[in-house]
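Worksheet for the structure shown next.
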Amino acid sequence: MLVCAVLSGEWLAANSGAWYLNYSQSPEVGAFYKFFTWFIIFAQFIPISLLVSMEMVKYFQAFFMQWDIGMYARLHGKQDKFCNVQNSGLNEELGQVQYVFSDKTGTLTENSLDFRKCYIGNEDFGQGDTEIGRAAKRRQEMDVSKSKSVNVRQDDFSAPGSTDTNLRHHAPHVNFDEYERLHGYLIEAVTKPKPSLQAVLVRRFLTVLALNNSCFPVQDEETKELVIRAASPDDECLTCFANFMGVRLMERNPPRVQLLLELSEDEKAIQEQWEQLTELEFTSKRKRMTVIFKNTTTGKIHVTMKGADSEMVKLIEDKEQNKLWKSSEKYMNDYSEQGLRTLVIAEAVLEPSWWDDPDHGWRKRLAKHQESTAIASKSEAGHMRGSCENSCRICHFYDELEADAQVQLLGITAIEDKLQDQVPETISKFLQANIKVWMLTGDKQKTAENIGIACNLLEPC
Ligand SMILES: Nc1ncnc2c1ncn2[C@@H]1O[C@H](COP(=O)(O)OP(=O)(O)OP(=O)(O)O)[C@@H](O)[C@H]1O
Ligand code: NA
């Protein structure tokens, strides 16, 4: 630019006689101004060679990154891995990452769910600490040496103490150590003429688990056994547990749903036929799912419900139920402390007229509602994704129906989703590098907090 300015000064001096250019300044002042003119012109130019050399540098930098022994991971069992650069254009941006947003389920955790514990009526079933619970406790410097870990995987381990081998089918997604006690209640409920309240609750609880879901039993090609297939891993896990306990889902062919109660070897399994009347679907805004059935033997209407405690507490208002709710809260907290995913299970058993009454029955009201919402309005957009507005007519209708059913609390389920390998170590390294890590989840806050503590994301307070 300096050279250009000096040369243009020279030129001006040489051409000062050119009257048609109308120069009034001296060549020195003219050269001074020209300096800025050239500055503007050159500001637009980046030499092409510079671009090329930048690209070359990045290209070779990618190789150095791939050779970097510091970015080498030993994957146990699998093939070890070096860093793999897919796009060298992003090299320099890597160092600029400030925030990492991570989904909880499937990213921090394995998304392979195991049924661990439950609370029914006023008894809790299932013992031991989870890994997340122990990690959280360890970080809170509590005495963990006393708490023993129970880790019975039912895939390769028979139910403790049971002598009956035929009963125990393959049970994936179950890691439950009190089969005998819970199964005893189920037998009592089905075989005794006057079963205890606890036994009745256990039977209803397991029945709701088998019914309230969107699972389909399919026959495995090889083993010819029925296996459960579901879109939601939570649903699959709960249904597998009900199956494991002896309340088997045999067929779902809406409206026909068939259950089979398998009690013991000597006794014949009992078939139950249910007619599915309607399903009020789960959305992440509703945080609950309701399925209504008719028991074809008794004719009674069963409104089955499962969902997050924050939502369910609003629907369970009955005084006596509140007492049960209070005592269940303690277990809910325990389960959350262990990082377990909890769901509240509830049910109402109603007279057939609640559904069928030609004037006020919910069958009629549902039909009317479906008619009126046939033309979708803006407020319902995204209902299935849970992003509908507060005035969503579908949500309102569901709320009304669910409140009218006056469901009764049956119990709580607790499902374990283990942390993936090396998650705490990885997060610590992120934090050391001053990268802010966010965990995204729809789980209960307490559960999320304890998972956060277990994976080094949060400091225990
Ligand atoms: N199939 C289901 N039936 C009833 N309630 C459910 C079901 N699945 C989840 N819930 C409840 O709804 C809440 C929100 O679930 P959602 O799937 O939206 O969470 P999320 O954002 O996927 O969370 P995460 O990724 O941590 O699992 C859950 O915490 C649970 O209490
Ligand atoms: Na989820």
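Table for the structure above
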item	result
Output for region 407-445, where each listed residue is in a loop (DSSP other than H, G, I, E, B), acidic (Asp, Glu) and more than 16 Å from ligand 2 (Cβ to nearest atom)	ASP421
Test set (1) more than 14 Å from ligand 1 (Cβ to nearest atom); (2) under 30 Å from TRP362 (Cα atoms) - ILE270 fails condition number	(2)
Filtered residues of region 413-461 (kept if closer than 26 Å to GLY126 by Cα and in contact with a Pro (Cβ under 8 Å, 6 or more places away or on another chain))	ILE453, ALA454, CYS455
Residue that is nearest to THR413 (Cα to Cα), among those in region 327-344 that are open to solvent by 30 Å² or more (accessible area, probe 1.4 Å) and away from ligand 1 (no atom under 11 Å from the Cβ)	TYR331
From the options ARG204, ARG248, residue that is part of a helix (DSSP H, G or I) and either within 16 Å of ligand 2 (Cβ to nearest atom) or closer than 21 Å to GLN273 by Cβ (or both)	ARG204
Among residues of region 71-88, those that are part of a loop (DSSP other than H, G, I, E, B) and surrounded by fewer than 12 Cβ atoms within 10 Å (Cβ to Cβ), counted	10
Of all residues making up region 89-115, the number that are under 18 Å from HIS173 (Cα atoms), touching a residue at least 40 places away in the same chain (Cβ under 8 Å) and open to solvent by 10 Å² or more (accessible area, probe 1.4 Å)	4
Any hit, region 420-431, residues being crowded, with 20+ Cβ neighbours inside 10 Å, touching a residue at least 24 places away in the same chain (Cβ under 8 Å) and more than 13 Å from ligand 1 (Cβ to nearest atom)	yes
Helices (runs of 4 or more DSSP H) wholly inside region 1-70 that include at least 2 residues being under 60 Å from the mean Cα position of the chain (by Cα) and aromatic (Phe, Trp, Tyr)	27-43, 48-67
Selected residue [of a type outside the set (Asp, Glu) and modelled with pLDDT of 95 or more] from LEU315, LEU324, LEU280	LEU280
Those residues of region 389-418 which are closer than 26 Å to ALA242 by Cα and crowded, with 20+ Cβ neighbours inside 10 Å, in sequence order	GLU402, ALA405, VAL407, LEU409, LEU410, GLY411, ILE412, THR413, ALA414, ILE415, GLU416, ASP417
Boolean, ILE394 is within 30 Å of HIS302 (Cα to Cα), outside any helix (DSSP H, G or I) and either assigned by TED's automatic domain parsing to the domain that holds ILE316 or in contact (Cβ under 8 Å) with a residue 12 or more places away in the chain (or both)	no
Residues of region 217-250 classified as without any contact (Cβ under 8 Å) to a residue 40 or more places away in the chain and within 16 Å of GLU281 (Cα to Cα), total	3
Criterion: free of Cβ contacts under 8 Å to residues at least 60 places away in the same chain and assigned to a helix (DSSP H, G or I) - qualifying residue of GLY452, GLY382	GLY452
In region 345-363, the residues that are within 16 Å of ligand 1 (Cβ to nearest atom) and in contact with a Lys or Arg (Cβ under 7 Å, 6 or more places away or on another chain)	ILE345, GLU347
Options GLU272, GLU236; residue that is among the acidic types (Asp, Glu) and part of a helix (DSSP H, G or I)	GLU236
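The values are calculated or read from the model by the stated rules, or taken from the named source; none is laboratory data. Bear in mind the structure is a predicted one, so any value in this text is a computation, not a measurement. Methodologically, a virtual Cβ is constructed for each residue, glycine included, from the backbone with ideal geometry; neighbour enumeration extends over all protein chains shown. Just the protein is used for accessible areas: all its heavy atoms, side chains included, with ligands, DNA and RNA removed. Shrake-Rupley method; radii C 1.70, N 1.55, O 1.52, S 1.80 Å.
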